[in-house]
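The next block holds one structure in the form of structure tokens; read it before the comments.
Just so it is clear, none of the values below were taken in a lab; they were calculated from the coordinates. From a predicted model like this one, the values you see are computed outputs, not experimental measurements. Methodologically, a virtual Cβ is constructed for each residue, glycine included, from the backbone with ideal geometry; neighbour enumeration extends over all protein chains shown.
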Amino acid sequence: MSTIRSGNQPVLFVVDVQVGVMAQAWEAPRVIQNICQVVTRSREAHVPIIWVQHDDEDMPRDTPEWQLVPELKPLPTEGRIYKNFNSSFEQTDLEAQLASLGVTHIVLAGAASNWCIRATAHGALERGYDLTLVEDAHTTQTLDFGNGTKIEAATIVLELNTAITWLAYPGRKNTTGKAASVDFHLSAGKSD
């Protein structure tokens, strides 16, 4: 059973916007620009930011591919999470960082939509956080199954945006918003 978190303290998660992840991502320049916009809005609103970076055998820590894209420049005072699994919560100190900030609402942007963004979104909701997915600030690659079957990246992004607006978790609010207008301060309860 999850804990429903009282209060209304937001945080912005920027997940895996790394050189190696974004190199083949759908509409990467537009998505990166939107992420930059939501980062600026977050800083202006004094909403904390936590930067997440993934490392694995394809993208080892401290390699050029592992670095955040050059457009994104975390401040020294902003949180950092280094992960090895899709969900930003698994085997990291993320929950401790969130607790120290009193976070109740996660605003989520980054990559890849069908892997780390989806896993982190579900992980947040299952742990009792409200969630806003920045609908125009996440991306992925087209899935090509090699047998003539493909799922286009645009379809994956659209599906996740739709799923987040339709999910229902008791006592939590989950929604989407655009980078230019995302609401950092949602009131608790399921979205309509």
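Observations, loosely collected:
- Residues in region 73-104 that are touching a strand residue (DSSP E or B) at 6+ places or on another chain (Cβ under 9 Å) and over 13 Å from ILE50 (Cβ atoms): ASN84, PHE85, ASN86, GLU90, GLN91, THR104.
- Listed conditions (1) over 16 Å from ALA23 (Cα atoms); (2) exposed (fewer than 15 other Cβ atoms within 10 Å of the Cβ) are all met by ALA121, apart from (2).
- Among the numbered conditions (1) of a type outside the set (Ser, Thr, Tyr); (2) surrounded by 18 or more Cβ atoms within 10 Å (Cβ to Cβ); (3) out of contact with any Asp or Glu (no Cβ under 8 Å at 6 or more places or on another chain); (4) more than 24 Å from VAL182 (Cα to Cα), the only one that PRO64 does not meet is (2).
- Residue check for GLN9: in contact with a Ser or Thr (Cβ under 7 Å, 6 or more places away or on another chain), polar (S, T, N, Q) and surrounded by fewer than 22 Cβ atoms within 10 Å (Cβ to Cβ): yes
- Scanning region 32-61 for residues that are in contact (Cβ under 8 Å) with a residue 60 or more places away in the chain, assigned to a loop (DSSP other than H, G, I, E, B) and surrounded by 18 or more Cβ atoms within 10 Å (Cβ to Cβ) gives a single hit, VAL47.
- Subset of region 12-57 [within 12 Å of the chain's Cα centre (by Cα) and at positive phi]: ASP16
- Scope region 155-187; condition among the aromatic types (Phe, Trp, Tyr) and touching a residue at least 24 places away in the same chain (Cβ under 8 Å); matching residues: TYR169, PHE184
- Residues of region 155-178 classified as touching a Lys or Arg at 6+ places or on another chain (Cβ under 9 Å) and surrounded by fewer than 14 Cβ atoms within 10 Å (Cβ to Cβ), total: 2
- Members of region 133-154 found to be buried (at least 17 other Cβ atoms within 10 Å of the Cβ) and free of Cβ contacts under 8 Å to residues at least 60 places away in the same chain, listed by number: LEU133, GLU135
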